[in-house]
Amino acid sequence: MSTAAVDNSSKESNKSKKRKWIYAKKPHGEWYKRRQWVGYALLLFLFAAPFVKINGEPFLMFNIIERKFSIFGQLFYPQDLYIFVFGMLIIMVCVVLFTVVFGRIWCGWACPQTIFLELIFRRIEYWIEGDWQQQKKLNEGPDTDQKQLKKLLKHSIFLIISFFISNIFLSYIIGVDALIKIITDPLDQHTGGLLSIIVFTMVFYAVFAYVREIVCIAICPYGRLQGVLLDDQSITVAYDRRRGEPRGKQRKHTTVPQGDCVDCKLCVHVCPTGIDIRNGLQLECVSCTACIDACDAVMEKIGKPKNLIGFYPMGEIEGTLKKKSNARAVAYSIVLVLLIAVFGFLLFSRSPVDGRLLRAKGSTYQLRDDKTISNLYSLELINKSGKTMPFRLVCEDPRLKVQLVNPIQQLAKDGHATLSFFLIIANKDVQSYKSNIKLSIYSGDRKVESLKTTFIAPPGMN
């Protein structure tokens, strides 16, 4: 093979691999209005949640740096890992349940990537550059001053919005108070925080200005997971080929069988991932319902019933659905309800104080001159109540009394303390060499935590 042939082959290969930019037609219709209501409500929640506080704690905060988390105003620490395990299980079951029943509806209606792209960034693009045909004409046209002005305006707004999103994202990690401190203090005092904001800004800008649908198609693992979870009972956005084929323009007085699809390709033009829904279920479909609105508008114009494209069970369209059954969805729902119940119990019954009680290293018991025996212990306490909390130690065994080495009577908000204390017993009250002891921590009259340990003392020393 000649060098020229190899070069030409390489050029053709590179050309075929080059990304085809998707110009999505501006959607309209009832489903789009519903999706706007859902999307903007979720955006409002996303932007407001970090600023909402319950008992002085953020409604939602995931401070990985300090290993401190706040959910519904309840503080969690690494010691509460078991609660997070149940939380993660609930999220996983929710994902599985929604996919089994409704397909990839999460991607098109609730995923932040889709909501930001379709309801914010694309709308700005439509406002500045026009609908899909105007955008394509602008990009493929000459490099004029007007084009440069539009591009500069668009990308400047994209950067400003990305900067705003990065601040909101960071507020979920470090908290609003820490974020405000970064913004208001001199820049040299928070170099790391400023760098984080810049990095997040550039990442969000790149995703929403350039990467776009590639996140849904190639990066997000959920899109590939749905292929394993879907079955013939799953409801997805689908084209009813039984009614639509053979497709083509509607002609009067024709003897050739015709389907309802007029092959206008509007369902393709509005698709944000650039697929043709008429080719069957595809990995790239995010169930955004834009194709349903486009097709329904055409059906209404030509006097045909709507829902040529709509929500259908996969097996109904493919002809494999023998009997409708929701047993799988019911089973997942039962598991989900049980997990939520356990999670709620763990969440609201957990102790506001976490304690770790250890015997002092290298010590057993001490014989005292006043005919008593003592054991030395070390106690580490973490305050998870979200407020300053007074406390006292009480031994449940009336034979023993507590003597603090470093008296501490309260725990600071979100603070921790390590204290040492003696458990003391009279010689005459010792009954066995090793006794199981229960130590309780009280805040006021409320018992907030119970800890167990052992007490060692030689019997028969009266």
>> To test your reading of the geometry: what angle, between 0 and 90 degrees and rounded to tens, separates the Cα axis of helix 81-102 from the longest principal axis of the chain?
In response: 20
>> What is the angle, in °, between the Cα long axis of helix 327-349 and the longest principal axis of the Cα atoms in the chain? Nearest 10 is fine, range 0 to 90.
In response: 40
> Cα centroids of segment 96-130 and segment 138-160: how far apart, whole angstrom?
Replying inline: 24
>> What number comes out for accessible area per residue over the chain if the probe is 1.4 Å? Units Å², please.
In response: 57
>> Quick check: the angle from helix 191-206's long axis to the longest principal axis of the chain, C-alpha only, nearest 10 degrees?
In response: 30
>> Classify segment 353-456 from the C-alpha gyration tensor, please: rounded if a/c falls under 1.5, else prolate or oblate depending on whether a/b exceeds b/c.
In response: prolate
>> Could you work out what % of the accessible surface of the chain is carbon and sulfur, using a 1.4 angstrom probe and leaving DNA, RNA and ligands out of the count?
In response: 62
>> Starting from 0.36 nm per residue, how many nanometres of slack lie between ALA417 and GLN79 once their C-alpha separation is accounted for?
In response: 120.1 nm
> Can you list the HN-Hα couplings for segment 361-372, worked out from phi with the Karplus curve (6.51, -1.76, 1.60; θ = phi - 60°), rounded to whole Hz and with x for Gly and Pro?
Replying inline: 4, x, 10, 10, 9, 10, 8, 9, 5, 8, 6, 10
> How far is the Cα center of segment 345-360 from the Cα center of segment 41-57, in Å?
Replying inline: 28
>> Output needed: percent of Cα pairs per 10 Å distance bin for the chain, bins running from 0 to the one holding the longest distance.
In response: 4, 14, 19, 18, 15, 11, 8, 6, 3, 1, 0, 0
> Share of antiparallel DSSP beta bridges in segment 353-456, in percent to the nearest 5?
Replying inline: 100
>> Restricting to DSSP H runs of at least four residues, report the calculated mean residue ellipticity at 222 nm for the chain, -39500 (n - 2.57) per run over all residues, nearest 500 deg cm²/dmol.
In response: -13000 deg cm²/dmol
> How many angstrom lie between the C-alpha centres of segment 167-235 and segment 403-462?
Replying inline: 48
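The values are calculated or read from the model by the stated rules, or taken from the named source; none is laboratory data. These numbers come from a predicted model, not from an experiment. To get the accessible areas, we keep the full protein, side chains included, count just its heavy atoms, and leave off ligands, DNA and RNA. Shrake-Rupley method; radii C 1.70, N 1.55, O 1.52, S 1.80 Å.
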